[in-house]
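Asks: Let me give you the structure first, and then I'll get to my questions.
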Amino acid sequence: MSHDLIADSVLAFLRERDPKAAEILAAESDRQATTLELIASENHASPAVMHAMGTCFTNKYAEGYPGARYYGGCAHHDQIEDLARERAKELFGCQFANVQPHSGAQANASAFLAMLKPGDTFCSLNLADGGHLSHGLKVNMSGKWFNPVFYPLHYDEGHDEFEQIDYDAVEEVCREHKPKLLMCGYSAYPRVIDFARFREIADNCGALLMADIAHIAGLVAAGVHPSPFPHCDIVTTTTHKTLRGPRGGLVMTNDPELAKKIDRAVFPGMQGGPLMHVVFAKAIAFGEALSPEFRTYQQQVVKNAQALAKALTARAYRITSRGTDNHLMLVDLRTRDADLTGADAELWLERSGIITNKNGVPQDPRPPKVTSGLRLGTPALTTRGLTEGDMETVADLIDRALASKGDEGVCAQVRNDVAQMCGRFPLP
Ligand SMILES: *Cc1c(COP(=O)(O)O)cnc(C)c1O
């Protein structure tokens, strides 16, 4: 399986010692190489980033922070964490960065712990309209221990900003509920976020402002989406989506007082020992993101998303909010086929080697396990080297699979064409 050097090198150690696990790795490596990855929150990390996670940095406890650890032997861990922090600050243009959160959800929980007390009110987007579960879902800590209130999108088709954030409504919700924290940044929102406007609204109601840029971090780092700095008090993100690093989280601020609270919230508030092999990989990923090639990559991600949205529109699919400014789009399947659900589409596409996720569209009448939409993103395809012209082909493959209603024969043909296309665009 010479398409994946990293899997190959791990397999060389594993085949004899643990054939069962080896077989699963070989199958997954093959799956990634031969399918088209359109999940907007996924990407293919570079070989350097992937290798970094498999190093001896995983062996060490490094509770605490550089220069103030609770364990001996941390000299190199201090160096690598300092390097990761410096690069994160340079990348996002801010004063403080905590690179230890194990994930985006941990980063958000740490930010809440730094800014809020149990029972405090915060304000975020209606979760069904593209918010993340860590922004106030009832069964999530954020919804159980705090008091979320939600703002809507424009639902009026006649409005210029149909299915985009209704900033006047955000203002109204904030005036009524006086939240201690206002949140922006989403999991399924295809448009530019106006951070300056959010700052104004936060100031008018005396709220702190937090941006969770988990999805758009790579675009922000490359200057392809406006920066949340200097407008936001706290910025959280994942490092594994558009940013193309290892799975993990990151919290940033310009406020020295908040920075101290964030550090205490991450450790010992939320976490024990940091995943230093992941911090090592974060440093490398941030270094990659500082390169001119990364900027070109992010520009291509957006061009590809716009080309794919256009190609799907031409095939009678409705793109919510009438298009996209970033790396993702929400596809309303009902205009193509009133009976088509997100759940069926996801299944039929996977049968055809195209990996997506079902997603509710704004005001979706179907339940979350069914939905009327798909969320599609171009970060992973762009990493493989696909460009605008290829998006026509991708839209065609998608439409063939869906028009067949999951027919085994048609899907097998599409699967074949997908594998051929993947052969022309090898993984990094
Ligand atoms: C993906 C995502 C997260 C959570 O990241 P995990 O690493 O899965 O915990 C948080 N916020 C937003 C907006 C996201 O899209």
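Just so you know, all these numbers are worked out from the coordinates, no wet-lab data involved. Small disclaimer: the values here were computed from a predicted structure and weren't measured. Every residue, glycine among them, receives a Cβ derived from its backbone with ideal geometry; neighbour counts consider all protein chains shown.
Asks: So who's got an amide H within less than 5 Å of the one on Asn43, skipping anything under 5 residues away but keeping other chains? H placed 1.01 Å off N, in plane.
Replies: Under 5 Å from the amide H of Asn43 lies no amide H from a residue far enough along the sequence or on another chain.
Asks: Sort the stretch 292-423 into rounded, prolate or oblate with this rule: let a ≥ b ≥ c be the square roots of the eigenvalues of the Cα gyration tensor; rounded if a/c is under 1.5, and if a/c is not under 1.5, prolate when a/b is larger than b/c, oblate otherwise.
Replies: In terms of gyration-tensor shape, oblate.
Asks: Indicate, rounded to the nearest 5 percent, the antiparallel portion of the DSSP beta bridges found entirely in the chain.
Replies: 55
Asks: If each residue of separation counts as 0.36 nm, what is the full-extension length gain between Arg295 and Lys178 once their alpha-carbon separation is subtracted?
Replies: Answer, rounded to one decimal: 38.2 nm.
Asks: For the chain, what is the calculated [θ] at 222 nm in deg cm²/dmol (nearest 500), taking -39500 (n - 2.57) for each run of four or more DSSP H residues and dividing by its residue count?
Replies: That calculation yields -13500 deg cm²/dmol at 222 nm.
Asks: Over the stretch 15-67, what number does the Rg to Rh ratio reach, with both radii from the alpha-carbon atoms and Rh per Kirkwood?
Replies: Computed over Cα atoms, the ratio is 1.10.
Asks: Rank the residues Ser103, Ser9 as a footprinting-exposure proxy: fewest other Cβ atoms within 10 Å of their Cβ go first.
Replies: Starting with the residue having the fewest Cβ neighbours, the order is Ser9, Ser103.
Asks: Under a straight-distance cross-link criterion of Cα-Cα below 29 Å, which lysines are reachable from Lys20, leaving out those fewer than 8 residues away in the same chain?
Replies: Partners within reach: Lys60.
Asks: Hey, what did the stretch 292-423 get for relative contact order, percent, Cα under 8 Å, at least 6 apart?
Replies: Computed over the stretch 292-423, the figure is 27 percent.
Asks: To the nearest 20 Debye, how big is the dipole of the stretch 292-423 about its Cα centre, given +1 on the beta carbon of each Lys and Arg and -1 on that of each Asp and Glu?
Replies: Roughly 300 debye for the stretch 292-423.
Asks: Continuing with the same structure: So what J values fall out for the stretch 176-183 if you push phi through Karplus, 6.51 cos²θ - 1.76 cosθ + 1.60 with θ = phi - 60°, rounded to Hz, Gly and Pro as x?
Replies: 6, 9, 6, x, 7, 9, 10, 10
Asks: Count the DSSP beta bridges whose two residues both fall in the stretch 208-279, then state the antiparallel fraction as a percent rounded to the nearest 5.
Replies: If we restrict to bridges inside the stretch 208-279, about 60 percent are antiparallel.
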